[in-house]
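Enquirer: Quick one: the structure is below, questions incoming.
Please treat every number below as a calculation from the coordinates, not as lab data. Remember, predicted model here, so these are calculated numbers, not experimental data. Every residue, glycine among them, receives a Cβ derived from its backbone with ideal geometry; neighbour counts consider all protein chains shown.
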Amino acid sequence: MRKLLIAAVVACLSLSPALAIDPEEVLEDPVLEERAREISKGLRCIVCKNQSIDESDAMLAKDLRILVRQRVAAGDSNEEVTDYVVDRYGEFVLLRPRFSTQNLLLWISPIFMLVIGAGLAVYFLRLQKQPEVKVAPLSEDEKKELDRLTSES
């Protein structure tokens, strides 16, 4: 009984993204529908922010899914549909931002952070190293003075 319950929960959780798409949204042509789903998986839900419009139940995501399907049905290529949505909503709508001069900092900032972190680590490790102190041997006068001081006590 316990295994059956676990299997039912796993089955329900695995179907949750599929529940976001209403049957009325689905295109009749399976090839076009697959293209629309592929495009939708790369577009961010502006309301949910960490979900694609393919997974989101938000009304705006539904509107975007319908828009994508309309553009695909009209004969637009995947790039044209994506460009159309980006023109309307900005590059934030892309789950994987494009490499361009506008978002160059976004792409190279991890490298800068890594270099800065390594530099700080080296700097602080060098600070923790204690310099070796060289002690000169005692002169004859210093030895006599030390002997005198230790013999008095």
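Enquirer: Using the alpha-carbon atoms, what tilt in degrees (0 to 90, nearest 10) does helix 140-152 show relative to the longest principal axis of the chain?
Expert: Value to nearest ten degrees: 80.
Enquirer: Taking only Cα atoms and a 10 Å spring cutoff, compute GNM fluctuations for the chain and point out the largest among L104, L60, L127.
Expert: Top of the fluctuation ranking is L127.
Enquirer: Something else now. Short version: ³J(HN,Hα) in whole Hz for each residue of segment 83-89, in order, from phi by Karplus 6.51 cos²θ - 1.76 cosθ + 1.60 (θ = phi - 60°), x for Gly and Pro, what are they?
Expert: Rounded to whole hertz, the list is 4, 4, 5, 5, 4, 7, 10.
Enquirer: Once amide H atoms are placed 1.01 Å from N in the peptide plane, what residues at a sequence separation of 5 or more from S52, or on another chain, have their amide H within under 5 Å of its amide H?
Expert: It is C45, by chain and number.
Enquirer: Also: Using the Karplus curve 6.51 cos²θ - 1.76 cosθ + 1.60 with θ = phi - 60°, work out ³J(HN,Hα) for each residue of segment 40-55 in order, rounded to whole Hz, and write x for Gly and Pro.
Expert: So the J values, rounded to whole Hz, are 4, 5, x, 9, 7, 6, 5, 7, 7, 6, 10, 10, 7, 5, 5, 9.
Enquirer: Rank A36, A118, A136 by mean-square fluctuation in a GNM of the chain with C-alpha springs under 10 angstrom and give only the top-ranked residue.
Expert: Comparing A36, A118, A136 in the GNM, the peak value goes to A136.
Enquirer: Can you spot the lysines whose alpha carbon is less than 24 Å from K134's alpha carbon? Ignore those fewer than 8 places along the same chain.
Expert: Candidates past the 8-residue exclusion: K143, K144.
Enquirer: Amide H of L94 versus every other amide H placed in the peptide plane: which residues, excluding those fewer than 5 positions away on the same chain, fall under 5 Å?
Expert: R44
Enquirer: Which of these, D76, D63, D29, has the largest mean-square fluctuation under a Gaussian network model of the chain (Cα springs below 10 Å)?
Expert: Comparing D76, D63, D29 in a Gaussian network model of the chain, the most mobile one is D29.
Enquirer: Oh, and also: Of the labelled options (i) 2, 11, 19, 26, 21, 12, 6, 2, 1, 0; (ii) 1, 8, 11, 11, 10, 7, 6, 6, 5, 5, 4, 3, 2, 2, 2, 2, 3, 4, 3, 2, 1, 0; (iii) 2, 9, 17, 22, 20, 14, 8, 4, 2, 1, 1, 0, 0, which one gives P(r) over Cα pairs in 5 Å bins from 0, in percent as computed for this structure?
Expert: The value computed from this structure is option (ii).
Enquirer: Here is a follow-up. Compute the label zone of L95 within segment 25-46: residues whose backbone N is under 18 Å from the point 7 Å along Cα-to-Cβ.
Expert: 33-46
Enquirer: Can I ask one more? Give the range of the longest stretch in the chain that excludes all trypsin sites (Lys or Arg not before Pro) found in loop regions by DSSP and having at most 10 other beta-carbon atoms within 10 Å. Numbers along the way, then the final one.
Expert: Values: sites that count: K49, K129, K134.
After excluding every exposed loop site, the longest remaining stretch is 50-128.
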